Amino acid sequence: MRLLLIFFLLIFINFSIYPETRFTNSDGQSNIRNFSEILKWSTNREDPIPEYLDVIEINDPNIFETKKSYAFWIGHASFIVFNGDITVLFDPIFSKRASPLNFAGPKRLIKPAIDITTLPKIDVIAISHNHYDHLDIKSLKRIQKKYPEVKIFVPKGDGKLLKKHNLKNGREFLWWDNIKINKTIFTFTPAQHWSARGLRDRNKSLWGSWHINYNQKNLFHSGDTGYSEDFKKIQQRLGDIDFAMIPIGAYAPQWFMGYSHVNPEEAIDIAIDLNSKESVGMHWGTFILTDEPVLEPKKRLEKIAREKNINFYTVLPGTFIEIE
């Protein structure tokens, strides 16, 4: 079991026996971890005790038949967002495990707040990076089977992965690339992270965040990220954010995770840098990926948001958020 854990750490934490990289972060770094660091963490860690969020049952699927802007948290980094123009699905994962294997790897603590069979019509799927908890091929195939015309936006380098699995309507993006769908402008923006789906492809595809603009309203999904100056630059180039989805979990131990995953205090700093009017926490409570207690991100966020008087909160999966 310990060897299996190390194998998954090699995949998920970005060690590679192949030093060549293609993409780096805006600071020029690529978050390289050597084997001894991975071994140190894996041999000293204790898995947090599982804790389970309540999942709000959808009693009326007609809630999605509205002309008002909304966000709906499915769990982890998966959100349905309607901005008044189109419906976007961010980083969908409906599988039981965030893993290339059916029998091993991080397992869901809670079920998705909605089933793929009852999803509203999705116009665009926007993927932040290719880690298994953000780019889930099984989910993408099922969604595209339900909605064959759905467009799939991925970082540069992941288009071949879509083609390999016969996923259509894919488009790759570099940072600051944009495209207009209906009246909505999508811009792929920076984040501080990395990519890999195996031992040989570290950083051979890009990673990032998504900014969408429609009718003078800016929405933002930060993907997975550490804290950096990127978010100040995003605000300077694209304006203040009206509603942001920002990660608050997967940060412990800080010495190992801190470069590529923000803690709740740093998530607040991102919201401030974006001058976000309203922010919601994601990337917590769905999988056990790191060492912090499952519910700690929520408690830490509530404390610091209250102290700084910031409109940044958490919700239960299945919460329907009206965006002002």
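The values are calculated or read from the model by the stated rules, or taken from the named source; none is laboratory data. On a predicted model such as this, the values are computed, not experimentally measured, just so you know. Here the Cβ is made from the backbone with ideal geometry for all residues, glycine too, and neighbour counts use every protein chain on show.
Does residue 187 count as over 19 Å from residue 29 (Cβ atoms), crowded, with 16+ Cβ neighbours inside 10 Å and of a type in the set (Val, Ile, Thr)?
Details: over 19 Å from residue 29 (Cβ atoms): yes; crowded, with 16+ Cβ neighbours inside 10 Å: yes; of a type in the set (Val, Ile, Thr): yes.
Taking the combined requirement at face value, the residue satisfies it.
A quick yes/no check of all residues on (1) of a type in the set (Lys, Arg); (2) under 17 Å from residue 73 (Cα atoms):
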residue	(1), (2)
107	yes, no
110	no, yes
113	no, yes
126	no, yes
148	no, no
153	no, no
156	yes, no
183	yes, no
191	no, no
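Can you confirm whether the stretch 307-314 contains a residue that is crowded, with 21+ Cβ neighbours inside 10 Å, at pLDDT 95 or above and more than 21 Å from residue 212 (Cα to Cα)?
Looking for residues that are crowded, with 21+ Cβ neighbours inside 10 Å, at pLDDT 95 or above and more than 21 Å from residue 212 (Cα to Cα), one finds at least one in the stretch 307-314, hence yes.
Per-residue answers, yes or no, for (1) among the charged types (D, E, K, R); (2) crowded, with 18+ Cβ neighbours inside 10 Å; (3) at positive phi:
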residue	(1), (2), (3)
46	yes, no, no
49	no, no, no
65	yes, no, no
70	no, yes, no
86	no, yes, no
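Pull up the stretch 232-257, narrow it to residues that are modelled with pLDDT under 95 and surrounded by fewer than 16 Cβ atoms within 10 Å (Cβ to Cβ), then point me to the one that is nearest to residue 213 (Cα to Cα).
254
Which residue pairs have Cβ atoms closer than 6 Å, lie 6 or more positions apart in sequence or on different chains, and pair a first residue in the stretch 49-77 that is of a type in the set (D, E, K, R) with a second residue that is crowded, with 19+ Cβ neighbours inside 10 Å?
Close Cβ pairs (under 6 Å, with a partner that is crowded, with 19+ Cβ neighbours inside 10 Å) amount to 51/294.
Would you be able to say whether some residue in the stretch 256-279 is part of a strand (DSSP E or B) and touching a residue at least 24 places away in the same chain (Cβ under 8 Å)? Lay out the reasoning, then the answer.
Within the stretch 256-279, the first condition is being part of a strand (DSSP E or B), and the residues that meet it are 279.
When the remaining residues are screened for being touching a residue at least 24 places away in the same chain (Cβ under 8 Å), the result is 279.
Looking for residues that are part of a strand (DSSP E or B) and touching a residue at least 24 places away in the same chain (Cβ under 8 Å), one finds at least one in the stretch 256-279, hence yes.
Do you know which residues across the stretch 106-138 are assigned to a loop (DSSP other than H, G, I, E, B), among the small types (Gly, Ala, Ser) and within 15 Å of the chain's Cα centre (by Cα)? It would help to see each step written out before you state the result.
Let us first name the residues in the stretch 106-138 that are assigned to a loop (DSSP other than H, G, I, E, B), namely 106, 108-115, 119-123, 127-136.
Subset that is among the small types (Gly, Ala, Ser): 113, 128.
128, the sole residue that qualifies.
Where residues in the stretch 196-231 are of a type in the set (Ser, Thr, Tyr) and not in a strand (DSSP E or B), which of them is surrounded by the fewest Cβ atoms within 10 Å (Cβ to Cβ)?
Of all residues in the stretch 196-231, those of a type in the set (Ser, Thr, Tyr) come to 205, 209, 214, 222, 225, 227-228.
Still in the list and also not in a strand (DSSP E or B): 205, 222, 225, 227-228.
Working: 205: 24, 222: 33, 225: 27, 227: 19, 228: 21.
Across the stretch 196-231, the extreme among qualifying residues is 227.
From the list 173, 103, which one is without any contact (Cβ under 8 Å) to a residue 60 or more places away in the chain, loosely packed, with under 14 Cβ neighbours inside 10 Å and touching a strand residue (DSSP E or B) at 6+ places or on another chain (Cβ under 9 Å)? Don't jump to the end; show me each part of the working.
On the way: 173 fails: loosely packed, with under 14 Cβ neighbours inside 10 Å.
Answer to the check: 103.
Give the residue, chosen from 160, 145, 168, 141, that is over 18 Å from the mean Cα position of the chain (by Cα), under 18 Å from residue 196 (Cα atoms) and free of Cβ contacts under 8 Å to residues at least 60 places away in the same chain.
Selected residue: 160, the only one of 160, 145, 168, 141 that is over 18 Å from the mean Cα position of the chain (by Cα), under 18 Å from residue 196 (Cα atoms) and free of Cβ contacts under 8 Å to residues at least 60 places away in the same chain.
Just one of (1) under 15 Å from residue 26 (Cβ atoms); (2) out of contact with any helix residue (DSSP H, G or I) (no Cβ under 7 Å at 6 or more places or on another chain); (3) among the aliphatic types (A, V, I, L, M) trips up residue 245, so point out which.
Unmet condition: (1).
Going by the structure shown, is residue 256 within 17 Å of the chain's Cα centre (by Cα) and hydrophobic (A, V, I, L, M, F, W, C)? Explain how you work it out, then say what you get.
Values: within 17 Å of the chain's Cα centre (by Cα): no; hydrophobic (A, V, I, L, M, F, W, C): yes.
Judged against the criteria, residue 256 is not a match.
Consider the stretch 224-243. How many of its residues are closer than 15 Å to residue 277 by Cα and among the polar types (S, T, N, Q)?
Number satisfying all stated conditions: 1.
Which residues, taken from the stretch 232-255, are in a loop (DSSP other than H, G, I, E, B), of a type in the set (A, V, I, L, M, F, W, C) and closer than 18 Å to residue 188 by Cβ?
241
For the structure I just gave you, tell me whether residue 285 is modelled with pLDDT of 95 or more, crowded, with 20+ Cβ neighbours inside 10 Å and in a loop (DSSP other than H, G, I, E, B). Quick ask: steps written out before the conclusion?
Details: modelled with pLDDT of 95 or more: yes; crowded, with 20+ Cβ neighbours inside 10 Å: yes; in a loop (DSSP other than H, G, I, E, B): yes.
Criteria met by residue 285.
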